Amino acid sequence: MMAKTIVFSNRKGGTGKTTLSFNIASYLANKKYRTLLIDLDSQAHSTIHAGLNVFKLKYTIYEVLIEFIKNKKVNKDVIIKTSKLDLIPSNENIAALEIELSNFKNQNSILKDFLIEFEKDYDFIIIDTPPSLGLITINALVASDYLIIPVKLDFFSLVGIANMMNIYYKINSMYAPNLKLLGIIPVNLNSRAKISKEVFKEIENTFGKDKLFPFLKQDIKFVEASSHGLPIFKYSPKSSGSEAIRKISKELLRRISNLEK
């Protein structure tokens with residue numbers, strides 16, 4: 001089985017990309033799926049969430065991609081193995097990768113070519129992206145089989161999701177014809193807030209119920225779990241956040257299974 005690569009992306013910040021990437025990747029690993037999480041954000045929140053000190057890393061995604069660009073060598077020593085989850089970490093150095101990629105002729109497909117060496121080692125590769133559209137995010141989209149868009153249910157999210165869909169269609173038509181939109185995850189649904197209900201309904205009407213994942217409510221346990229370097233289902237297994245991650249992960253597996261038949 002070749003790895004299925006899933007990218008969590010949204011140009012808008014604060015949508016829960018890292019929370020979802022880390023916790024879903026950890027859930028899949030806990031269920032005995034060989035899982036690799038790749039942190040592409042200069043804030044390195046997925047790396048920090050895994051309990052790592054970003055200032056003590058010998059290799060990050062930046063160093064190994066630069067090595068790959070220059071020497072066509074894939075350095076697998078970058079992979080850090082936690083209890084079950086494998087991680088390619090990041091730090092602030094990755095911000096310089098935009099400049100390096102812009103000087104390369106195949107600038108949109110570097111990550112895809114790099115990951116070919118990992119496809120037989122894993123069942124799932126999960127990519128956490130920065131909240132911007134640059135060459136790093138484009139590389140993540142081109143390298144992936146499936147796109148998941150987390151959407152915070154506030155006034156500005158409709159503009160953000162419209163922008164993200166335009167990006168998806170362009171990437172899909174120009175560079176990655178096999179990239180599929182797996183779905184949209186509504187984040188921080190406040191059932192008592194009128195705007196949340198209205199935005200949720202608008203997204204549902206636009207994309208259909210089949211594209212919506214179970215929603216992710218705000219839960220302080222996510223923050224507490226990250227400070228302990230743990231996924232929420234290990235830190236607080238009975239919390240609402242833990243239950244949401246389980247539901248979303250199971251739905252993700254179901255959708256991919258149906259699409260791969």
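Sorted from fewest to most neighbouring beta carbons within 10 Å, what does the list Tyr62, Tyr33 look like?
So the residues, fewest neighbours to most, are Tyr33, Tyr62.
For the pair Ile79 and Glu251, what calculated FRET efficiency results from E = 1/(1 + (r/R0)^6), where r is the Cβ-Cβ distance and R0 = 41 Å, to the nearest 0.05? Write out the running numbers ahead of the final one.
Working: r = 28 Å, r/R0 = 0.68.
With a Förster radius of 41 Å, E is 0.90.
With each run of n ≥ 4 DSSP H residues scored as -39500 (n - 2.57), what mean residue ellipticity at 222 nm is computed for the chain after dividing by its residue count and rounding to the nearest 500 deg cm²/dmol? If you can, show how the numbers build up before the last one.
Values: 11 runs with 116 residues, N = 261.
Helix-only estimate at 222 nm: -13500 deg cm²/dmol.
Arranged from fewest to most other beta-carbon atoms within 10 Å of their beta carbon, Thr15, Thr5 become Thr5, Thr15.
Sort region 177-232 into rounded, prolate or oblate with this rule: let a ≥ b ≥ c be the square roots of the eigenvalues of the Cα gyration tensor; rounded if a/c is under 1.5, and if a/c is not under 1.5, prolate when a/b is larger than b/c, oblate otherwise. Here region 177-232 falls in the oblate category. Report the residues of region 151-180 in range of a label on Glu198: point 7 Å along Cα→C-beta, backbone N strictly under 11 Å from it. Residues 155-156 qualify, since their backbone N sits under 11 Å from the label point. When the square roots of the Cα gyration tensor eigenvalues are ordered a ≥ b ≥ c, the ratio a/c for region 91-163 is 1.5 or more and a/b does not exceed b/c, which makes its shape oblate. With axes computed from alpha carbons, what is the tilt in degrees of helix 61-71 against the longest principal axis of the chain, rounded to the nearest 10 within 0 to 90? Here the helix axis deviates by roughly 40 degrees. Result for the chain in a Gaussian network model with C-alpha springs under 10 Å: among Ile195, Ile245, Ile80, the largest mean-square fluctuation is at Ile195. Can you classify region 110-230 as rounded, prolate or oblate using the Cα gyration tensor, where a ≥ b ≥ c are the square roots of its eigenvalues, rounded means a/c under 1.5, and otherwise it's prolate if a/b beats b/c and oblate if not? Since a/c reaches 1.5 but b/c is at least a/b, the shape of region 110-230 is classed as oblate. Projecting label points 7 angstrom from Cα along Cα→Cβ for Ile116 and Lys31 puts them 3.1 nm apart.
Among Val199, Val159, a tally of other beta-carbon atoms within 10 Å of each Cβ gives an order, fewest to most, of Val159, Val199. The three principal axes of the C-alpha atoms in region 4-260 carry coordinate ranges of 55, 40, 33 Å, sorted with the longest axis first. Region 124-192 and region 45-111 have Cα centres separated by 21 Å.
Assuming charge only on the beta carbon of Lys and Arg (+1) and of Asp and Glu (-1), the dipole of the chain about its Cα centre is about 780 debye to the nearest 20.
No value in this document is a laboratory result; all are computed from the given coordinates. Bear in mind the structure is a predicted one, so any value in this text is a computation, not a measurement. Note that each Cβ is placed from the backbone with ideal geometry, even for glycine, and that neighbours are counted across all protein chains shown.
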